[in-house]
Structures are given as structure tokens and as C-alpha cells.
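Below is one structure, written out as C-alpha cells, with a few remarks after it.
The values are calculated or read from the model by the stated rules, or taken from the named source; none is laboratory data. Keep in mind that this is a model prediction, so the values were computed, not measured. Reconstructed Cβ throughout: ideal geometry from the backbone, glycine too, with neighbour counts over all protein chains shown. Only protein heavy atoms, including side chains, enter the accessible area calculation; ligands, DNA and RNA are left aside. Shrake-Rupley method; radii C 1.70, N 1.55, O 1.52, S 1.80 Å.
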Amino acid sequence: MKEFKNFINGEFVTTASGKQFENRNPVDNSLIGLVHEAGEPEVAAAVAAAKAAMKGPWGKMSQAERIKLLDRVAARINERFDEFLDAECKDTGKPRSIASHIDIPRGAANFKAFSETLANHPTEAFKLDTPDGQGALNYGHRQPKGVIAVICPWNLPLLLMTWKVGPALACGNTVVVKPSEETPATATLLGEVMNECGVPAGVYNVVHGFGPDSAGAFLTTHPDIDAITFTGETRTGEVIMRAASVGLRNISLECGGKNPGIVFADCDLDKAIEGTMRSAFVNCGQVCLGTERVYVERPIFNEFVQRLKAGVEQLKLGRPEDAGVDFGPLVSQEHKEKVLSYYSLAVEEGANVVIGGGVPEMGPELNEGAWVEPTIWTGLADDARVVTEEIFGPCCHIRPFDTEEEVIALANNTKYGLSATVWTENTSRACRVAESLEVGIAWVNSWFLRDLRTAFGGAKESGIGREGGVHGLEFYTELKNVCIKL
Ligand code: NAD
């Protein structure tokens, strides 16, 4: 039986309480292994190790040395690519074709992209006039914040974890990571890589467990945590923000969304269909940036609905390793129940089910897995719960619109503000609409096209703060001003 242990101070450790929980493969609900749940003592040990490491060789390393070490980590992930791929696909059930193009290569790239930004970032400097005519020189000096708690979700486990760990370490911090209870594998494997690459003990730590009364809460309330970076649901973000308020610790919150896709009649329809297929259904719809509300200009509404339906009919469901598979199960039985409850609710709220809405017949070997059908609805009211609440499944509601003003108002009619996509060949309109949307990220004629140097984060209830590129520097470092009287 495979075991997933906590990784503390460079060693894999079990838990004093002996508490363990199951890790299951959502493809067929088979048992992958047992996870050692960290209690308060293990979390305290991980935080203490991370704090001590700040004072050890890691704290004395130059930026160039750290960056070299992180380059090695990226290279080692790529050398052990197949193991990471296997671990990620077992935990999530996602097709290998997706994980091998997105999750694992981006997981490795996150250790390089930010290092390059950091190495090339200038510091601010101001010359001040003084009455004696000699003046003074000010310059900014960035220092690591200290011990960063990294709380992760399950939808892109390695990618979203390294997206935070990469910059945190590049800036000289140490981390204690709490992966999602659903996906413990790749964070654990990364512990082996850290040791192989010679990253000093205590720099990267992993504690397994749940949120409340478990590793997540123990970690975020620990007084020696200097800052918390979190990706997950908005309601969890609120709890973490409260925890961070004690001791005035800094937070970065990347939370939920109910993202609109806006399709104008003058768009390149082939591209809009292809992009919306991806934004609604890739990763079984479990992408925070995914589109769950689609607004289509009335003259092309019927054609768009029929073509998206035809696209869904082409999706191939199956095991991650099977050839041609582009659609896997949801992450867990629990999430399947949640998504199916919205499928029932849609019908109760009066939706027209264009396609899907149920559980697919996968055959005796897979029927126990967390499978749901990709689903399209039309005809719901703008205040329907299915149109306003984040489902985080492979589904979208499509609604016609008549004017630019109307669709901007519809798109902004949400408490969320993560991302949006706009499909039009009219560049002036594209910019006008993109700038009017209350979101952190707006794509025009594309989706999930990410440049790691750019700002990433959400408006409204989709988060607080921006990470990515130089923006990560603000969160992962403390900026000190040094003033020298000349
Ligand atoms: P979640 O909020 O349930 O859990 C996220 C993490 O928080 C897990 O590790 C969990 O154990 C931990 N946690 C839960 N309660 C906690 C508590 N009280 N204290 C400390 N830690 C706690 O989210 P999820 O279901 O894992 O992920 C899906 C959600 O994440 C969706 O809402 C999705 O939109 C969002 N998401 C956002 C982004 C983004 O960049 N904005 C990216 C991916 C996912």
C-alpha cells in the first residue's frame, strides 16, 4: 500500500497520532494509498524547521545561488516527468494528454520563470535634496518575508502549488505547503526532488490534512507564519483572512469565479467555438478561469449552441492513459455529488438541457468513478442559482444578448471577478468591453493564454492581491527603504 508522508525538515515523517486518510483514484474509485494526516505537533515541527532554515545556509545564500538551485529543481522535475505525470493523473483522473502539456511542464517552469523576473528587476532609487546642499540617497532593498504558508486546491495540484512555491523560494523565503487532501501525491514527490537537488532541509515542507481542525487551520493560525498564500474557494478564503488578521500577516487570495464568455456576431466563430469548448470543458470544467456563463449575440445564438453541442458530442471520455481521451472524471465522489446537485437544480430552475445533465454509462470497471456528463443549458433566468453560483464542473449556460451595454451589465452581474473572454474581430470593441469588465484577467479571442510575467488575480470576491511577474515580489518580499545622508 502506498503511503503519503509529511515532508518536514528534509525527512518523510508519519504522524504522532497515527491518523491516516484514504487517497482514491476518481477514475474508478480504487484506493491509491493512505495519507498521514499532520496534527498540531507535525505542523509546529514543519513551521519550526522552516523558521530555522531561514537562519541556516539558505538564509545566507546569494540570489544567484538560489536561482541556480531552483533551476536544478525545474530540471529534475522534467527528468522525473513520468513519475509526476503518473502521480497527478492518479490523484485527479485527468487525461495524460492534458497533464503532460499543462500541469507538469508548467509545474517545472514555475521554478524558472520567476527567477528570471527577479534577476532582472531593478530596485527603486531617489535622490533627495537637503538644506545643506549635500542631499541624500534612498534605495529600496527587498528582503524575504520569512515562513510562507502555501494552501493549495486540487484542480491543478502541482502547477498551482509551484506557482507559489517557485517565487516564494526565489525571493529567499521558506515554505510550509498544505496540499489539498484530494491530491497529496505531487507535493510529496517534490520533497524527494528538493533533497536530490540539495535544497537545504527545512526550506520546503509539506503537511497533509484537511482544513478545519486539521493541518490547514493549524498552519494558518500558527504565530510563526509570516504570510499566507491561498488558492481555493472564496468562503475558505474568508476563514483564512480572519486567521491572517491575528498578528497582521499578509495574505494573497486566489479564489472562485463565475466567469463569463462573450461572443459577438462578428467573431471568428471557429475560434470562439474551439475556445469555449476548452474554457468550459477542459479538466472536466475544474479550472478557476473556466467559463460557466456564455453570452452570445442573438444573430448567431442558435448556430453557436448547436456547434458547441456538436463539440461536446465529440469529447472522448475514458481513462487518463487511453489514446484520444480528452475528458476525465471529476476529482472526487464528494465533488460529483455537488455537481450533480446543480444538474438537478438546473432542471428545477427551468433550464432547457441542450446536452448532458446526468451520469455517463462508463462500463463496469469505471462506473464507480466520479464521472458526470459534460452539460450545456439554455433558458435560465439571470438570477438562477445555476447562473450565479460557481459549480466548478463541465457545464455552461448559454444566453442570447442584443447590445454591448446589455452584455457588459450581464457579465458584471456577479459577486465574482476572476476572468472573462471576449470573442470579436473588432479590436476597438474588444478593448472597450475588456476594460469594462470587473475582472482581474480578460482574454480577447483566446483563453488561458498565460504569460507568467503578467499580473494574475481576481477582482471582487475572486481574491485579493496579484501574483505573477514583478507583482509576486510585492507579496513575497518586504520592501525596506535605506536612506543615506550624503
Ligand atoms: P477549498 O477552499 O475547499 O480548499 C482549498 C485548500 O484550503 C485545501 O487545501 C483545503 O484543505 C484548505 N482549507 C479548507 N478549509 C480550510 C481552513 N479552514 N483553513 C485552512 N485551510 C483550509 O477549495 P478546493 O475545493 O480545493 O478548490 C476549488 C476552488 O478553488 C474553486 O472555488 C476554484 O475556483 C478555486 N480556484 C481558484 C483559483 C484562482 O487562481 N483564483 C485557481 C484554482 C482554483
Checking the condition free of Cβ contacts under 8 Å to residues at least 40 places away in the same chain and touching an Asp or Glu at 6+ places or on another chain (Cβ under 6 Å), which residue from A244, A217, A265 passes?
A265
Output for the stretch 448-473, where each listed residue is surrounded by fewer than 19 Cβ atoms within 10 Å (Cβ to Cβ) and small (G, A, S):
A455, A459
Every residue from the stretch 216-239 that is assigned to a helix (DSSP H, G or I), under 30 Å from V444 (Cβ atoms) and β-branched (V, I, T):
T234
Considering only residues that are more than 10 Å from the ligand (Cβ to nearest atom) and in a helix (DSSP H, G or I), look in the stretch 240-254 and name the one that is least open to solvent (accessible area, probe 1.4 Å).
A244
Across (1) open to solvent by 10 Å² or more (accessible area, probe 1.4 Å); (2) within 16 Å of the ligand (Cβ to nearest atom); (3) in the same structural domain as V339 (by TED's automatic domain parsing), G417 clears everything bar (1)
Flag if L189 is open to solvent by 20 Å² or more (accessible area, probe 1.4 Å) and either over 30 Å from R307 (Cα atoms) or in a loop (DSSP other than H, G, I, E, B) (or both):
yes
Does the stretch 172-185 include one or more residues that are within 20 Å of G209 (Cβ to Cβ), crowded, with 24+ Cβ neighbours inside 10 Å and more than 16 Å from the ligand (Cβ to nearest atom)?
yes
Mind listing whichever residues of the stretch 288-311 are assigned to a strand (DSSP E or B) and away from the ligand (no atom under 15 Å from the Cβ)?
V294, Y295, V296, E297
Mind checking which residues of the stretch 428-474 are within 15 Å of the ligand (Cβ to nearest atom), of a type in the set (S, T, N, Q) and over 30 Å from H141 (Cβ atoms)?
S462
Requiring at least 1 residues that are over 24 Å from I8 (Cβ atoms), the helices (runs of 4 or more DSSP H) wholly within the stretch 47-136 are 63-79, 81-92, 96-99, 103-119
Answer yes or no: is there a residue in the stretch 149-159 that is touching a strand residue (DSSP E or B) at 6+ places or on another chain (Cβ under 9 Å), assigned to a helix (DSSP H, G or I) and at pLDDT 95 or above.
no
Residues satisfying the stated conditions in the stretch 71-130, i.e. buried (at least 19 other Cβ atoms within 10 Å of the Cβ), small (G, A, S) and touching a residue at least 60 places away in the same chain (Cβ under 8 Å)
A87, G93, A99, G107, A113
Sort out which residues of the stretch 420-438 are open to solvent by 30 Å² or more (accessible area, probe 1.4 Å) and touching a residue at least 60 places away in the same chain (Cβ under 8 Å), and write them in order of number.
E425, N426, R429
Of all residues in the stretch 206-239, which are within 14 Å of G39 (Cβ to Cβ), more than 9 Å from the ligand (Cβ to nearest atom) and open to solvent by 30 Å² or more (accessible area, probe 1.4 Å)?
H222
From G166, G140, G209, residue being closer than 20 Å to A87 by Cβ, not assigned by TED's automatic domain parsing to the domain that holds K415 and not in a loop (DSSP other than H, G, I, E, B):
G166
Filter the stretch 312-335 down to the residues that are open to solvent by less than 20 Å² (accessible area, probe 1.4 Å) and in a helix (DSSP H, G or I) and list them by number.
V312, H335
